[in-house]
Structures are given as structure tokens and as C-alpha cells.
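Okay, so here's the structure we're looking at.
The values are calculated or read from the model by the stated rules, or taken from the named source; none is laboratory data. Computed from a predicted model, the values in this text were never measured in an experiment. Backbone-built Cβ (ideal geometry, glycine too); neighbour counts: all protein chains shown.
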Amino acid sequence: MKRIYNFSAGPSMLPPSVVARIQADLPSWRSTGISVMEMSHRGAVFGEIAEKTRADFRALINAPDHYHILFLAGGARAQFAAIPLNLTATKNKVTYFNTGAWSKAAIAEAERYVSVEIVASSEASSFTTLPPPDQWRIDPDAAYVHYTANETIDGVEFQDTPDVGAIPLVSDMSSNILSRSIELERFGLIYAGAQKNLGIAGLGVVIVRDDLLGRARAETPAVLNYTSQAQQGSMVNTPPVFAWYVLGLVLEWVKEQGGVVEIEKRNIAKARKLYDAIDASALYSNPVEKSVRSRMNVPFRLPEALQERFLTEAQAAGLVNLEGHRSVGGLRASIYNAMPEEGVDALIAFMQDFEKRRG
Ligand SMILES: *Cc1c(COP(=O)(O)O)cnc(C)c1O
């Protein structure tokens, strides 16, 4: 099979060794005679997979015992609703940073349930910057502060955890979880859809601090209720068992690579190379302020008239899914944990060659 590098923003590429492992395991998981897809989620065999995955996740993200790790159906967007529902039994006000397309989507969903105030916004810059701390309006009476750690569409990433004081900090880490070290104890809640850095679509991971349980509004759907899900091992309903199993394989792969510390080093190197190549070129450009550029999603532009040709030739060269999000256009290379440095090198070589021929 010809080597293809998949730069999709999500669902995104898996480590090839994980795909090979899925293929080998598929018909009969460890001589059980059945596949993971066909197992009872309450049986002993899946129970082992479930617990190992939870333990590996806890170890990789350094989660102390007073954090619960939940594996829930519905991806990240389900949490856009679950978070305000679960955290506002006694406080009707929540606060959000507005730093890009995914922040806006999270805000719009929260507004269906509670009153949302904006901590700070970078919309005036078309989301090419992040608002500086002296512009943040932190309201100590709010139930929480929410921010999107990496804006997958705009290519903007918080390089440090925002300091918001004592108020619970909630973060959407869908597109950068396990790509860099974080100090988990600064967060009340972290969540992520699995299909970028954690495996395949349909699964959402929620890491929630003990003291934030028991705050759900009465109307919170049972499947979205963090307290019930924590009490029942994320099995209030039948969880997406296959996605959970794939997550387990991805976590084993992360461990084999040397954990988050090693992965982060590679991510820094990959992103630096690609941004350097864009900045050095006369054809390509990236609009994001350098200090807040995303290590995971690299949007770039070239003259509109060349774009179709670029994509067609890139595809022929085995570099696929480089179109930007439909809402913003342009091009985008997503270089998550599973993208090897050789993939980034191949993209840069193609871009330079294309520039020489067209530029
Ligand atoms: C992809 C993404 C989502 C949406 O994830 P779904 O699993 O499709 O709900 C939310 N937030 C961010 C930052 C994302 O990158």
C-alpha cells in the first residue's frame, strides 16, 4: 500500500500500528472467539479493557484520585450541553472565553440553558490573536470559566493555562489533549472528543473534579449526568465500546512513545518546521499571531487561483485532506500526535516544490 499522510482535522489519522492491531484483534479478541464490538459492556472481558484504559488515561494525564474519568457517547458537542446542565444547580451564570469557532459553538449551546457572560473575546481580530489577561473580566460569582484550549478551525492555541483564580476552570481540549503537558489540578473539568488525539469518533472523555459532582440541574438527561455516570463507571447506558477499546490502544501507543513529555517535544519540532516553511515562503501565509499559533492545526493560505491545483497535486503526492474548514476556506494541515515528522517533511517538500513550479 502506498504511504498516505492524512492531514484531516477530524476524524484524523491513527498511528498505523494501532490500525494494524485493530485488524489483528477484530475477529477474535484474545482468543475469546468474538470481537470487541460484540461483547457485553458489563462482562469481565470488556471490564478489563475498560479499567486498563481508565488507568492508563489517569497515568498519562497525571490525574489524582479526586478526579473522575468518564467515557461518554456523543463526542465533544454533547458536553457543550452537559457542562452547563451539570454545573449550574445553584448558580445561573457561566462565563466563556470567545476565541474562535469552537468557543462560539460552545457558547451558543450553553445559552440554551443558562446566562452566558463573555470573559474576553478575540473576534475583533478575526480570531488571529488571544485576548491578553488585562482584558479578562473574571466574575467570581459564575459557576465556571470555560475556554477552548486549541481552536481547531482558527489555528489558535493557549500556550499556558489561564489563571482565573478560585473559580472552576473548564476546558475543551478536543484537539490538543495529550499533545502537551498540563497541570491537571488547575482544572475543574477537561473534556475532549476522541477523534483527534484519542482515537475514533463518537466518544467523549470527561475528567471532572470530585467537588463539581452533585451540581446538576434537575432536568439534566440521565446519560449526560456526570454524577450518575461517575457512580456507574460510565455505563448508565451502553457506552461506545469499540471507540473505548481504540482509545485504549492509542493510550498504549502514547506510552510506548515515551508519554506526553516525549510526544510534546515531537509536536514542538513538527509545528516549528511547518510554520518556518510557511513564514519563509513568498506564496504561503498564516494569519495567526506567532505567540499563539496552534501546534496541532496549521491553517495557511495561498492565492485563491492556485488552491484547487495545490489540493489536486498534493493528493496525487499522497498528502490528503488539506482543505481548510468550510467556514473559513483556505488550507489547513492538522498535525496531531499520530502524524509522524516524516509526514510534515513530505508536506513541506511538496509545498516548496509547488512554489518553485508555480510561484
Ligand atoms: C472537533 C471539535 C469539537 C467537536 O467534537 P464532536 O466530537 O464532533 O462533538 C469540539 N471542540 C473542538 C475544539 C473540536 O476540535
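Annotations
- Test result for Glu123, on the phi < 0 side of the Ramachandran plot, of a type in the set (Asp, Glu) and surrounded by 16 or more Cβ atoms within 10 Å (Cβ to Cβ): no
- Gln229 meets the conditions (1) of a type outside the set (A, V, I, L, M); (2) within 14 Å of Ala78 (Cβ to Cβ); (3) within 16 Å of the ligand (Cβ to nearest atom); (4) not in a strand (DSSP E or B) in every case but one. The failed one is (3).
- Checking Gly259, Gly329 one by one, the residue that is at pLDDT below 95 and either in contact with a Ser or Thr (Cβ under 6 Å, 6 or more places away or on another chain) or at positive phi (or both) is Gly329 and no other.
- Restricted to region 143-172, and to residues there that are over 16 Å from Asn98 (Cα atoms) and of a type in the set (A, V, I, L, M), the residue that is farthest from the ligand (Cβ to nearest atom) is Ala166.
- Selected residue (criterion: nearest to the ligand (Cβ to nearest atom)) from residues of region 194-214 that are outside any loop (DSSP other than H, G, I, E, B) and under 14 Å from the mean Cα position of the chain (by Cα): Gly204
- The helices (runs of 4 or more DSSP H) located wholly in region 33-122 that include 2 or more residues which are within 16 Å of the ligand (Cβ to nearest atom), in contact (Cβ under 8 Å) with a residue 24 or more places away in the chain and touching a helix residue (DSSP H, G or I) at 6+ places or on another chain (Cβ under 7 Å) occupy 75-87, 101-110.
- When region 123-149 is filtered for residues that are under 15 Å from Asn92 (Cα atoms), assigned to a loop (DSSP other than H, G, I, E, B) and in contact with a helix residue (DSSP H, G or I) (Cβ under 8 Å, 6 or more places away or on another chain), the ones remaining, listed by number, are Ala143, Tyr144.
- Matching entry among Ala24, Ala9, Ala44, Ala73 (being under 30 Å from Lys270 (Cα atoms) and among the hydrophobic types (A, V, I, L, M, F, W, C)): Ala9
Yes/no matrix, rows are residues, columns are (1) part of a loop (DSSP other than H, G, I, E, B); (2) crowded, with 20+ Cβ neighbours inside 10 Å; (3) not assigned by TED's automatic domain parsing to the domain that holds Ser175:
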residue: Pro239; (1), (2), (3): yes, yes, no
residue: Glu264; (1), (2), (3): no, no, yes
residue: Asp279; (1), (2), (3): no, no, yes
residue: Ala282; (1), (2), (3): yes, no, yes
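- Tally, over region 173-193, of residues that are within 16 Å of the ligand (Cβ to nearest atom), among the polar types (S, T, N, Q) and surrounded by fewer than 23 Cβ atoms within 10 Å (Cβ to Cβ): 0
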